[in-house]
Amino acid sequence: MMKRAMDSKTIKALVEAGAIKNVRVIGQGSHFHVEIVTQAGPSIVNTLKGKLKTWSTLDATAKWIHSLGIGRCQVEMGKWQPGQKGLKL
């Protein structure tokens, strides 16, 4: 299944409509990204410019999710490496 991209404006609309089934915070390398699950399937959160939206800390990720009106999420940290240095690409 191919994951679609979604930006924060779309997520806010889905929250207001009650259409979000699940939110996952995924740790990978030195950063975290978010996956939103709706009836249509999972979507990765992107910036408005279309790039993968990432955070350096779990705290910052949680604050962003909370600011959208979402109060519950799952955290997957199996591939998270807290001491890993990130590459600027």
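The values are calculated or read from the model by the stated rules, or taken from the named source; none is laboratory data. Because the structure is a prediction, the values reported are computed rather than measured. Positions of Cβ are backbone-derived with ideal geometry, glycine not excepted, and every protein chain shown enters the neighbour counts. Areas reflect the complete protein model, heavy atoms only, side chains present, ligands, DNA and RNA absent. Shrake-Rupley method; radii C 1.70, N 1.55, O 1.52, S 1.80 Å.
Values computed for the structure shown
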| quantity | calculated |
| --- | --- |
| Hey, residue 70 aliphatic (A, V, I, L, M), assigned to a strand (DSSP E or B) and surrounded by 11 or more Cβ atoms within 10 Å (Cβ to Cβ) or not | no |
| Among the residues listed as 65, 44, the single one being open to solvent by less than 90 Å² (accessible area, probe 1.4 Å), at pLDDT 95 or above and under 16 Å from residue 26 (Cα atoms) | 65 |
| Residues being in a strand (DSSP E or B) and farther than 17 Å from residue 14 by Cβ - total across region 27-46 | 6 |
| Residue check for residue 52: modelled with pLDDT under 90 and open to solvent by 80 Å² or more (accessible area, probe 1.4 Å) | no |
| Test: residue 19 is small (Gly, Ala, Ser) and within 21 Å of residue 71 (Cβ to Cβ) | yes |
| Selection count where residues are in contact (Cβ under 8 Å) with a residue 40 or more places away in the chain, assigned to a strand (DSSP E or B) and either more than 23 Å from residue 77 (Cα to Cα) or open to solvent by 60 Å² or more (accessible area, probe 1.4 Å) (or both), scope region 1-23 | 2 |
| Checklist (1) within 16 Å of residue 5 (Cα to Cα); (2) of a type outside the set (A, V, I, L, M, F, W, C); (3) assigned to a strand (DSSP E or B) applied to residue 49, failing item | (3) |
| Selection from region 14-70 of residues that are touching a Ser or Thr at 6+ places or on another chain (Cβ under 9 Å), over 29 Å from residue 84 (Cα atoms) and small (Gly, Ala, Ser) | 19 |
